[in-house]
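Encoded as structure tokens, the structure appears first; notes follow it.
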Amino acid sequence: MSASSSRGILFDLDGTLVDSLPDIIDSFLHAFGHLGLPAPTYEQVRALIGHPLDWMYSQFAPDHVPALCVAYREHYPLNFHRRSRPYPGVVEVLRALRERGYLLAVATTKRPDMARKFVDAMGLGPLLHHVQGTDGFPHKPAPDVIHHALAALGTGGLWMVGDTALDLRAGQAAGLRTYAVTWGTHPVDVLAGASPDELQPDLQRLLTHLPPLA
Ligand SMILES: [Mg+2]
């Protein structure tokens with residue numbers, strides 16, 4: 001597919017479109033108490049957001065990973081709306097890009113069913129053409145989730161937007177330009193180390209790169 005016909009803009013979900021980290025961390029920590037295990041600190045967990053759930057639990061309690069994942073997956077969908085909200089300006093930027101003719105998809109490490117439920121609960125469903133979760137293929141920084149999302153959109157990719165170096169490396173591996181937002185998981189120096197094309201405190205500058213399509 002030629003670059004001129006590509007219309008795909010991909011977004012990470014947690015920490016990029018939605019300020020969801022407090023609810024994720026609350027559910028992550030809840031599982032330890034549920035099983036009577038000592039819990040890590042909030043900041044220890046925060047630094048790992050963006051990795052798969054089982055890998056995150058393996059860093060703290062490698063002998064209890066399956067049970068912790070079960071406890072999380074029971075707790076999180078009942079509580080993921082408590083404090084989570086789209087970041088300021090996200091709805092407006094997605095709406096503007098849609099109106100300009102671009103095709104928009106989430107590309108997340110969340111499981112597909114959870115990702116869809118969460119996107120809808122946050123009111124973002126009508127603004128996105130596709131929600132691509134990760135299940136049965138390598139997670140970011142591998143580019144697989146991006147390739148799956150673009151196949152579902154039926155177009156080539158232009159930009160990958162994310163809040164972690166994992167997102168940026170996945171986007172680069174898929175041949176996309178990369179846009180890092182600084183309001184999520186990874187600090188500016190970590191994001192800068194992955195050499196994104198843009199490193200910004202919000203999504204506004206994305207619009208300047210993406211004029212209306214003819
Ligand atoms: Mg993220």
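The values are calculated or read from the model by the stated rules, or taken from the named source; none is laboratory data. Just so it is clear, the model here is predicted, and its values are computed rather than measured. Reconstructed Cβ throughout: ideal geometry from the backbone, glycine too, with neighbour counts over all protein chains shown. Heads up: the accessible areas ignore ligands, DNA and RNA and are worked out on the full protein's heavy atoms, side chains in. Shrake-Rupley method; radii C 1.70, N 1.55, O 1.52, S 1.80 Å.
Here the accessible area is traced with a 1.4 Å probe on the protein chains. For the range 73-214, carbon and sulfur cover 52 percent of it. Distant-in-sequence amide contacts of LEU199, defined by a placed amide H-H separation under 5 Å and a gap of 5 or more residues or a different chain, comprise ALA180. Values of log10 I(q)/I(0) for the range 22-79 across q = 0.16, 0.30, 0.31 Å⁻¹ run -0.39, -1.56, -1.66, by the Debye formula with one identical scatterer at each alpha carbon and no solvent.
Residue farthest toward the positive end of the dipole of the chain, with Cβ of Lys/Arg at +1 and Asp/Glu at -1: which of PRO143, LEU29, VAL45? Checking the options against the dipole of the chain, the answer is PRO143. Solvent-accessible area per residue in the chain equals 43 Å², computed with a 1.4 angstrom probe and all protein chains kept. Only DSSP H runs of four or more residues enter the estimate; each adds -39500 (n - 2.57), and after division by the residues of the chain the mean residue ellipticity at 222 nm equals -12000 deg cm²/dmol.
For the range 75-89, 3J(HN,Hα) computed residue by residue from phi via the Karplus equation (6.51, -1.76, 1.60; θ = phi - 60°) reads 7, 4, x, 7, 10, 6, 9, 4, 10, 6, 8, x, 5, x, x Hz, glycine and proline entered as x.
Calculation over all alpha carbon pairs of the range 92-183 in 10 angstrom steps from 0 returns a P(r) of 17, 51, 31, 1 percent.
Dimensions of the chain from C-alpha coordinates, computed as largest minus smallest value along each principal axis and given longest first, are 59, 33, 31 Å. For the chain, the relative contact order works out to 26 percent when only alpha carbon pairs closer than 8 Å and six or more residues apart are counted. Between the Cα long axis of helix 144-153 and the first principal axis of the chain there is an angle of about 50°, rounded to the nearest 10.
For the chain, the dipole from Cβ point charges (+1 on Lys and Arg, -1 on Asp and Glu) about the Cα centre works out to 480 debye, to the nearest 20.
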